[in-house]
Amino acid sequence: MKKIYFLFMSLLPFFVNAQFANDSTNNVVIQDAIGSEQATPLISSRADGGAYISWFDQSSGMYVLRMQRLDALGNKLWGPNGVVVSNANQNTALFRYDLKTDNEGNAIVAFQDQRTGNMQVVAQKMDSTGAPVWATNGVVLSDADAAEGLAPVIGVLSNNNVVVAWNAYSSTNQKWVCYIELNPATGVSINGAGPERVKPAIGTTPNYSRPSIASYTNNEYYLMYVQETGNFPGVSKMFVKRLATNYVNLWPASIQFTTKTISTFFFPKIISDGATGFLCAFNAGNPANAALTSVYLQHVDSTGASWSATGTALTSSLSINSYLGDYFYNSTTNQTWVGLQVTNTGQSASGNSIQRVNNAGLNLCGTDGIVVDAQTSNMTIPVGIAQDDNKAILVYYTGGVNQVSIKATLIDSMGIKQWAFNEKALNVTASNKDDIGISRVSNHQLIVTWSDTRNDNGIYAQNINDDGTLGPMAVGLNSIINNTSIQLIQNPSSILQLRSTNSIEEIEIYSAIGQLVYSKNGMDNNELSIPLTSKFSTGNYIIRVNRKTTLKWMKQ
């Protein structure tokens, strides 16, 4: 006789140790010390589904850079308050900085402080246990010609060497870009020398600033930077160098990869195209009316060839402004997905749209993208988009002062929402939110972090699963679907067997605490026997079939 158990209440004790909760008002508190400020969080994904989160903490009376590691369930692995990365003297103002995960799962962070008396760039590696790998408080990266260094960015090469680039400033406010390649074991320059420069002659113009790095195979990378000419706000043009490890220039000269100019306040970011080129999405003037703003996407290959002189305009309507939310490249389909904030010309209403661009630079979602959320005076603004197989999770916020809510939705390639409830709130606490950042999707979940004024100013995090639930994936048992077309053959049992009236194309098995212990795709069978390895000890498991039906199985 077949026994199929759908037990709800008995499952609750298995999840009490998980920190992510299925509750949009009960987020993980990364740090929120009453009476002090915790600010400017960054997040970087780990391959195990967890993430590193860094922030500046003022609870000691001055800003200290701290970091926390979360596992895939939201448990804080580095103690309740995280670890100190650097307690060197900080400025009373905070500036842009960067956080990345290297090829071995360590955290690399680059920031700036005043330990030398002036603002200088500092880099540090933290291993997976929270221990610093490089010098105490990090290694100072400075240029002998510069009075200050600010706004560093990080690139991790395929050999795990670390490239850091930043803005350097002279005492006369001349600006240039510095970049240095570091030994991953020591944080020391690989050639023992100071940084390389993209710099005009002393006292001349133009200025250079706002670097970004995209690495690819063979220890090679692209260094993008902005050329600034004229008095403030001046004209900002984007250039790129192609380099190999040890500062070898692979092109004879830098390339201006678009004739479009960008705002003085826009910081462009380049990403890998999954091969040997890069992509850059940026805000610039509408192709028909420069007084309006449109988002463009440009691709550059390893020879320096681009799609066109300007790149592809992702919107061209004269009745809207569009602004970049976030973007990613899908190497499976050779398409780039872009999340767009779209406003009316008066910018009094805002909504979400998406655009997809193929590898020839052609828009696949019409001339202005596809509307995901219509414009509203409640100001819907996208902040992150992440690939989830052939779909994407779009993260955005809505609301006015002290009423900001963070939400997410799963969309298909045509912008159609995939969850029956359309969207899921990650946080609805009445407060302001800022510096919202997202991880990539791993093990079917995405992690979001942000600063939050619900107490004074703290750092919070929340996951969302690609089925629209919050909390560990197994919390999805709250919505178990008793699909009679799929049955367990004996339950409890010592051997796991499934039978279905339809094909079983995909199966995932989770432990009672929500850890993925087995998965397989590409099947086309109606009856399966699953090989049980040493991972399957006696106890309760959750089986997810075809990403829809969830079953409870007890292994004897």
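The values are calculated or read from the model by the stated rules, or taken from the named source; none is laboratory data. Everything numeric here is computed off the predicted structure, so don't read it as measured data. Cβ coordinates were reconstructed from backbone atoms using ideal geometry, including for glycine residues, and neighbour counts include every protein chain displayed.
Structural remarks
- Qualifying residue in region 361-378 (condition: assigned to a strand (DSSP E or B), without any contact (Cβ under 8 Å) to a residue 24 or more places away in the chain, among the small types (Gly, Ala, Ser) and not assigned by TED's automatic domain parsing to the domain that holds Arg210): yes
Conditions (1) crowded, with 21+ Cβ neighbours inside 10 Å; (2) at pLDDT 95 or above; (3) assigned to a loop (DSSP other than H, G, I, E, B), marked per residue:
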site	(1), (2), (3)
Ser302	no, yes, yes
Ser317	no, yes, yes
Asn321	yes, yes, no
Leu324	yes, yes, no
Phe328	no, yes, no
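- Here Asn137 fits the description: assigned to a loop (DSSP other than H, G, I, E, B) and farther than 14 Å from Val188 by Cβ.
- Among the criteria (1) closer than 19 Å to Asp452 by Cα; (2) touching a residue at least 12 places away in the same chain (Cβ under 8 Å), the one Leu73 does not fulfil is (1).
- When Arg115 is tested against (1) in a loop (DSSP other than H, G, I, E, B); (2) of a type in the set (D, E, K, R); (3) surrounded by 19 or more Cβ atoms within 10 Å (Cβ to Cβ), exactly one condition is not met: (3).
- Test result for Ile411, within 19 Å of the chain's Cα centre (by Cα) and either under 16 Å from Asn352 (Cα atoms) or surrounded by fewer than 20 Cβ atoms within 10 Å (Cβ to Cβ) (or both): yes
One line per residue, one yes/no per condition, for (1) in contact with a Phe, Trp or Tyr (Cβ under 8 Å, 6 or more places away or on another chain); (2) buried (at least 19 other Cβ atoms within 10 Å of the Cβ); (3) modelled with pLDDT under 95:
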residue	(1), (2), (3)
Asn22	no, no, yes
Ile43	yes, yes, no
Trp55	no, yes, no
Arg96	yes, no, no
Asn103	no, no, no
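- Residue within region 237-245 that is surrounded by fewer than 21 Cβ atoms within 10 Å (Cβ to Cβ), at pLDDT 95 or above and outside any strand (DSSP E or B) present: yes
- Residue pairs meeting the criteria (Cβ under 8 Å; at least 6 apart or on separate chains; first touching a residue at least 12 places away in the same chain (Cβ under 8 Å) and under 19 Å from Val156 (Cα atoms), in region 122-135; second assigned to a strand (DSSP E or B) and basic (Lys, Arg)): Ser128/Arg69; Pro132/Lys125; Val133/Lys125; Trp134/Lys125
- Which listed residue is closer than 27 Å to Asn207 by Cα and in contact (Cβ under 8 Å) with a residue 40 or more places away in the chain, from Val140, Val164: Val164
- Residue in region 337-353 that is more than 24 Å from the chain's Cα centre (by Cα), closer than 17 Å to Ala281 by Cα and in a strand (DSSP E or B) present: no
- On inspection, Gly351 passes the criterion of being buried (at least 22 other Cβ atoms within 10 Å of the Cβ) and over 30 Å from Asp71 (Cβ atoms).
- Criterion: under 21 Å from Arg69 (Cα atoms) and out of contact with any Ser or Thr (no Cβ under 6 Å at 6 or more places or on another chain) - qualifying residue of Gly105, Gly130, Gly138, Gly117: Gly130
- Subset tally (residues that are surrounded by fewer than 23 Cβ atoms within 10 Å (Cβ to Cβ) and part of a strand (DSSP E or B)) for region 226-235: 4
- Residue within region 52-64 that is part of a strand (DSSP E or B) and hydroxyl-bearing (Ser, Thr, Tyr) present: yes
- The set of residues from region 180-221 being under 18 Å from Trp166 (Cβ atoms), not polar (S, T, N, Q) and not in a loop (DSSP other than H, G, I, E, B) comprises Ile180, Glu181, Leu182, Glu196, Arg197, Val198, Tyr208, Arg210, Pro211, Ile213, Ala214, Tyr221.
- Breaking point among (1) surrounded by 19 or more Cβ atoms within 10 Å (Cβ to Cβ); (2) among the aliphatic types (A, V, I, L, M); (3) on the phi < 0 side of the Ramachandran plot, for Ala151: (3)
- When Ser45, Ser86 are checked against the criterion of being outside the structural domain of Val109 (by TED's automatic domain parsing), in contact with a Ser or Thr (Cβ under 6 Å, 6 or more places away or on another chain) and small (Gly, Ala, Ser), Ser45 stands alone in meeting it.
- Here Asn183 does not fit the description of being of a type in the set (S, T, N, Q), at positive phi and surrounded by fewer than 22 Cβ atoms within 10 Å (Cβ to Cβ).
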